[in-house]
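Here the structure is laid out as structure tokens; the discussion comes afterwards.
The values are calculated or read from the model by the stated rules, or taken from the named source; none is laboratory data. Predicted model only: the values in this text are computed from it and were never measured. Here the Cβ positions follow ideal geometry from the backbone for every residue, glycine too, while neighbour counts run over all protein chains shown.
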Amino acid sequence: MTTNKDFKPANDDEGFELGGPLRTGRLDDILGFHLRMANVAVYQDYTAAMGDLGLTQKQFAVLELVAANPKVGQIDIANQLSMDRATMMALVNRLEARKLISRQPSSVDRRRQELVLTGDGANMLTQARQIQTQHEARFTARFSPEELQDFVAALKRIYRDILPDHD
């Protein structure tokens, strides 16, 4: 049973100092809270950096995956990014409307749509990669190479079960 005592501030005072920082309480012990806060920091910096290009994180990821996997199916990308098909279709529609990618029917399976980077898409990706490299450096510079390698490995352990073809 939960009691009022369970919600008492850690330092036993009755309130917080107006205008001062909030105490995080039990949030400080919750991994998801820290992942969310880190994601917000990265997202805000990315959005500011890519503002002139108007390219979201998801759009950048799709362009990278199409560039790395010419003629990939949009369903394959949706699976890799853990996105539902409707969201993926809307994302591809936006990229296609900007003439950054094109859809082509597969020569093997007419029901399958293959995605290809256009010339404009390749140019956009080149610009975006330069900006993204600078954005990434603002965060990776906070770690030694060994710390960064360990950190990324730890993050991959968290999400590996949602990746396609995971045993």
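Quick notes on this one:
- Identity of the residue in segment 43-77, in contact with an Asp or Glu (Cβ under 9 Å, 6 or more places away or on another chain) and among the aliphatic types (A, V, I, L, M), that ends up nearest to L115 (Cα to Cα): V72
- Taken together, the criteria place E96 among residues that are modelled with pLDDT of 95 or more and in contact with a Lys or Arg (Cβ under 7 Å, 6 or more places away or on another chain).
- Of the residues A61, A78, A68, the single one that is under 18 Å from A128 (Cα atoms) and surrounded by 14 or more Cβ atoms within 10 Å (Cβ to Cβ) is A61.
- Comparison of E146, E114 shows that the only residue that is loosely packed, with under 11 Cβ neighbours inside 10 Å, over 17 Å from the mean Cα position of the chain (by Cα) and more than 20 Å from N39 (Cα to Cα) is E146.
- Residue list for segment 76-107, restricted to those being among the β-branched types (V, I, T) and without any contact (Cβ under 8 Å) to a residue 24 or more places away in the chain: T87
- Residues of segment 54-77 that are farther than 26 Å from D109 by Cα and of a type outside the set (A, V, I, L, M): G54, T56, Q57, K58, F60.
- The residues of segment 16-52 that are surrounded by 12 or more Cβ atoms within 10 Å (Cβ to Cβ) and in a loop (DSSP other than H, G, I, E, B), listed by number, are F16, R23, T24, I30, M50.
- The test for being farther than 26 Å from A137 by Cβ, among the hydroxyl-bearing types (S, T, Y), surrounded by fewer than 12 Cβ atoms within 10 Å (Cβ to Cβ) and in contact with a strand residue (DSSP E or B) (Cβ under 9 Å, 6 or more places away or on another chain) does not hold for S102.
- Positions within segment 44-90 being at positive phi and out of contact with any strand residue (DSSP E or B) (no Cβ under 7 Å at 6 or more places or on another chain), in sequence order: G54, S82
- In the set A128, A68, only one residue is touching a Leu at 6+ places or on another chain (Cβ under 9 Å) and aliphatic (A, V, I, L, M); that residue is A128.
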